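The values are calculated or read from the model by the stated rules, or taken from the named source; none is laboratory data. All values derive from a computational prediction rather than experimental measurement. Quick reminder, even Gly has a Cβ in these numbers, built from the backbone with ideal geometry, and neighbours come from all protein chains shown.
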Amino acid sequence: MKDPNKEFEIVIKDSDLTDLATNLGEIAIDSAMDDGILKDIPIIGSVINVIKFGNSLNRHFTIKKISKFLFQLQDIPPEKRLSKIEEINNSGEYQSSVGEMVMEILDRVESDGKPEMIGKLFAAFIKEDITFQEYLKFSHYIKSVYYYELLSLKHHNEEHNFFYGNNDGQLQGFGLTTNVIDEWGGGTAGPDATGSITQLGKDLVKYAMT
């Protein structure tokens with residue numbers, strides 16, 4: 001039986017992902033509630049058809065996760081994707097292949113907006129905006145932090161780093177925010193500020209949420 005991790009990596013490396021957008025047309029992935037709409041797209045079906053599922057709900061969410069991830073890579077030429085993935089696979093630094101590592105991440109994240117974030121991060125890695133280590137690190141943050149807490153990172157002052165989101169322990173624990181409000185730079189935080197966003201937090205917003 002075919003290995004779904006290898007099939008997934010083949011899709012990432014070699015497929016013309018613009019076909020994904022063409023097949024979906026104007027239908028948003030979240031609106032395609034019938035599994036068949038997505039499963040019958042060849043590049044999705046080639047992966048899904050070799051995965052063993054325990055129930056239909058698990059299958060449904062897996063299809064949507066893979067679709068959302070791949071949708072973020074459609075503008076990157078296959079040869080560029082192939083080159084970067086082979087570079088990592090041949091480096092000897094990791095015990096697992098790129099396909100296996102990405103599939104494991106997608107399997108562990110929530111099915112709302114997190115697969116899209118993971119896809120944007122992977123696109124940033126392929127474009128060499130971040131390293132593969134940074135991709136794995138940021139993916140870990142996304143996997144671990146409640147989705148809507150992650151989104152709150154976007155509520156910050158770019159110039160002075162004042163943070164206006166829900167500054168809970170998870171964000172601070174991963175070094176994405178602090179509870180310190182520094183007004184020495186000349187800015188005024190205002191009464192709604194809950195702390196400061198760190199450069200790590202700003203990078204996560206830049207590469208995973210824009």
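Screening Lys143 on (1) more than 14 Å from the chain's Cα centre (by Cα); (2) surrounded by fewer than 20 Cβ atoms within 10 Å (Cβ to Cβ); (3) without any contact (Cβ under 8 Å) to a residue 60 or more places away in the chain shows it passes everything except condition (1).
Comparison of Ser196, Ser111, Ser139 shows that the only residue that is touching a helix residue (DSSP H, G or I) at 6+ places or on another chain (Cβ under 6 Å) and not in a helix (DSSP H, G or I) is Ser111.
If we keep just the residues of segment 87-103 that are among the charged types (D, E, K, R) and either modelled with pLDDT under 95 or surrounded by 14 or more Cβ atoms within 10 Å (Cβ to Cβ) (or both), which is nearest to the chain's Cα centre (by Cα)? Even if it seems obvious, please write down each step before you answer.
Filtering segment 87-103 for residues among the charged types (D, E, K, R) gives 87, 93, 100.
Adding the requirement that they be either modelled with pLDDT under 95 or surrounded by 14 or more Cβ atoms within 10 Å (Cβ to Cβ) (or both) leaves 93, 100.
Details: Glu93: 22, Glu100: 15 Å.
Among those that are among the charged types (D, E, K, R) and either modelled with pLDDT under 95 or surrounded by 14 or more Cβ atoms within 10 Å (Cβ to Cβ) (or both), it is Glu100.
Taken over segment 87-117, the criterion of being under 19 Å from Met209 (Cα atoms) and either acidic (Asp, Glu) or touching a residue at least 60 places away in the same chain (Cβ under 8 Å) (or both) is satisfied by Val102, Glu110, Asp112, Glu116, Met117.
Please go through segment 56-71 and pick out each residue that is buried (at least 21 other Cβ atoms within 10 Å of the Cβ) and among the polar types (S, T, N, Q). Residues satisfying the conditions are Thr62, Ser67.
Quickly run through segment 72-86 and pick out the residues that are polar (S, T, N, Q) and either buried (at least 18 other Cβ atoms within 10 Å of the Cβ) or in contact (Cβ under 8 Å) with a residue 60 or more places away in the chain (or both).
As a first pass, look at segment 72-86 and keep what is polar (S, T, N, Q): 72, 74, 83.
If the condition is that a residue be polar (S, T, N, Q) and either buried (at least 18 other Cβ atoms within 10 Å of the Cβ) or in contact (Cβ under 8 Å) with a residue 60 or more places away in the chain (or both), then Gln72 is the only one that fits.
Here is a yes/no grid of residues against (1) of a type in the set (Gly, Ala, Ser); (2) assigned by TED's automatic domain parsing to the domain that holds Ile126; (3) surrounded by fewer than 17 Cβ atoms within 10 Å (Cβ to Cβ); (4) in contact with a Leu (Cβ under 8 Å, 6 or more places away or on another chain):
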residue: Leu153; (1), (2), (3), (4): no, no, no, yes
residue: Asn157; (1), (2), (3), (4): no, no, yes, no
residue: Gly165; (1), (2), (3), (4): yes, no, no, yes
residue: Trp184; (1), (2), (3), (4): no, no, yes, no
residue: Thr188; (1), (2), (3), (4): no, no, yes, no
residue: Ser196; (1), (2), (3), (4): yes, no, no, no
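Would you check if Lys137 is under 23 Å from Val98 (Cα atoms), without any contact (Cβ under 8 Å) to a residue 60 or more places away in the chain and in the same structural domain as Tyr94 (by TED's automatic domain parsing)? When the stated conditions are applied, Lys137 passes them.
Out of the residues in segment 82-101 that are touching an Asp or Glu at 6+ places or on another chain (Cβ under 8 Å) and assigned to a helix (DSSP H, G or I), which is farthest from Lys13 (Cα to Cα)? Outline the logic, then answer.
First, the residues of segment 82-101 that are touching an Asp or Glu at 6+ places or on another chain (Cβ under 8 Å): 82, 84-85, 96-100.
Okay, now just the ones that are also assigned to a helix (DSSP H, G or I), so 82, 84-85, 98-100.
Working: Leu82: 4, Lys84: 9, Ile85: 7, Val98: 10, Gly99: 9, Glu100: 13 Å.
Only one residue fits best here, namely Glu100.
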